[in-house]
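A short worksheet on the structure shown next.
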Amino acid sequence: MTTEVQNLFDQVSQMQAQVEQYPVSNNDDLERFRIEFIGTKGKVKDLLAAIKDVPNTEKKAYGQTVNALKQVAEERYATLKEQFESNQTTKGPDFDLTMPGDAVRIGSRHPLNLVRNQIIEIFKRIGYVVAEGPEVEDDWHNFTALNFPPDHPARDMQDTFFVQKNPDIALRTHTSSVQVRVMERQKPPIRAIFPGRVFRNETISARSHCYFHQVEGLYIDKNVSFADLKQTLYHFAQEMFGPETKIKLRPSYFPFTEPSAELDVTCFICGGEGCPVCKYSGWVEILGCGMVDPAVLANCGIDPEEYSGFAFGMGIDRITMLRYQIKDIRLMSENDVRFLGQFKAAF
Ligand code: DAH
């Protein structure tokens, strides 16, 4: 054997050692291994190509030795590849599960809805059902059936959004319109509340907006008296603002109730001692109420000789602003999450 040929055989056995010892601990190493030894430009190919320099007598032996080397390299590659693939499935995906994830932003209820839902819950527990009416209303349901005389100032263009060219249609100015719709449809006994949005042609400022929210209540049955009204509202005030709450009814006037009153509750911020929220009076005004005027019952097809009842209406925005000490009503409709996100924990 010539020294050149001997040299080639030596190279093959050195290469075998390299193939066996090449450090492979991950997929990238394995790919490097493949390129270096068994790829189309790999070292084993070079050794195979060198067969042309080997004399015929040695060709067979040399070919077998290089092929054996090739087999060792391919087997090591296949074994490692299988090992990494099975590791991958047992180890899970190729990313770091301990990395902190993207934060999920959880929304919160609008403060107006928190207060509205609480009002609804309180009345539901004493047998009231919830009803709704349209926001675009006709004159009959918003004014006439409720005993507003034709020249009442609430009908002025300054107060009410009328639909152009049709003075009979307006955006409802209060949820009292739903009283009329329910009484027209349903025979007493009626025990219902009507939450909803109302509209008034007001200059928008920190204290008033062209739309806001009310909850109206109505109770019609035989022998309903002012004592029932007072006790119902007392119960509501204690549930809503706490068991220490006291109430005060002040005489007032609404076209659709007789007698009419305004309900004050002891300030739920200071407990009646006096603070900026109650303007140091100890009381805050919460709602209007009264005994449904017999003329209104008659307008809705209910016999005032047989039935009587009471009604009340409160502004949700006002109660919400007092409760959370929100100084500007415009925040309610600006959709600013920095404002809205503050009410998560409450109620
Ligand atoms: N509708 C009145 C308003 O918007 C509130 C109101 C007062 C409703 C007295 C009533 C009531 O049902 O009896 O100011």
**Message:** Being out of contact with any Pro (no Cβ under 9 Å at 6 or more places or on another chain), within 11 Å of the ligand (Cβ to nearest atom) and either farther than 23 Å from Cys210 by Cα or modelled with pLDDT of 90 or more (or both) narrows it down to one residue among Cys278, Cys289, Cys300; which is it?
**Reply:** Cys289
**Enumeration of residues in segment 44-60 that are open to solvent by less than 40 Å² (accessible area, probe 1.4 Å) and within 19 Å of Glu75 (Cα to Cα)** = Val44, Leu47
**Request:** Would you mind telling me which numbered condition in (1) in a loop (DSSP other than H, G, I, E, B); (2) in contact with a strand residue (DSSP E or B) (Cβ under 9 Å, 6 or more places away or on another chain); (3) farther than 30 Å from Gln325 by Cβ Asp168 fails?
**Result:** (1)
**Complete:** Scanning segment 160-181 for residues that are open to solvent by 70 Å² or more (accessible area, probe 1.4 Å) and charged (D, E, K, R), the one nearest to Ile302 (Cα to Cα) turns out to be Asp168
**Message:** Which count do you get for residues in segment 182-204 that are under 29 Å from Asn223 (Cβ atoms), among the hydrophobic types (A, V, I, L, M, F, W, C) and part of a strand (DSSP E or B)?
**Reply:** 4
**Failed item, numbered, when Asp138 is tested on (1) at positive phi; (2) modelled with pLDDT of 95 or more** = (1)
**Asked** Right, Ser225: more than 17 Å from Ile286 (Cα to Cα), open to solvent by less than 10 Å² (accessible area, probe 1.4 Å) and of a type in the set (Ser, Thr, Tyr) or not?
**Response** no
**Item:** Top-ranked residue in segment 1-43 [being closer than 23 Å to Ser86 by Cα and part of a loop (DSSP other than H, G, I, E, B); ranked as least open to solvent (accessible area, probe 1.4 Å)]
**Value:** Val24
**Prompt:** Among the listed residues Val130, Val115, which satisfies the condition of being β-branched (Val, Ile, Thr) and within 16 Å of the chain's Cα centre (by Cα)?
**Reply:** Val115
**Request:** Report yes if Glu244 is at pLDDT 95 or above and assigned by TED's automatic domain parsing to the domain that holds Ser333, otherwise no.
**Result:** no
**Message:** Suppose we keep only residues that are within 31 Å of the chain's Cα centre (by Cα), of a type in the set (S, T, N, Q) and modelled with pLDDT of 95 or more within segment 174-215. Which one would you say is farthest from the ligand (Cβ to nearest atom)?
**Reply:** Ser177
**Complete:** Scanning segment 311-347 residue by residue, those more than 18 Å from His209 (Cβ to Cβ) and β-branched (Val, Ile, Thr) turn out to be Val337
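The values are calculated or read from the model by the stated rules, or taken from the named source; none is laboratory data. Keep in mind that what you see is a predicted model, and the values were worked out from it rather than measured. Don't worry about glycine lacking a Cβ; one is built from the backbone with ideal geometry, like all the others, and counts go over all protein chains shown. Please note that ligands, DNA and RNA were not included when accessible areas were found on the heavy atoms of the full protein model with its side chains. Shrake-Rupley method; radii C 1.70, N 1.55, O 1.52, S 1.80 Å.
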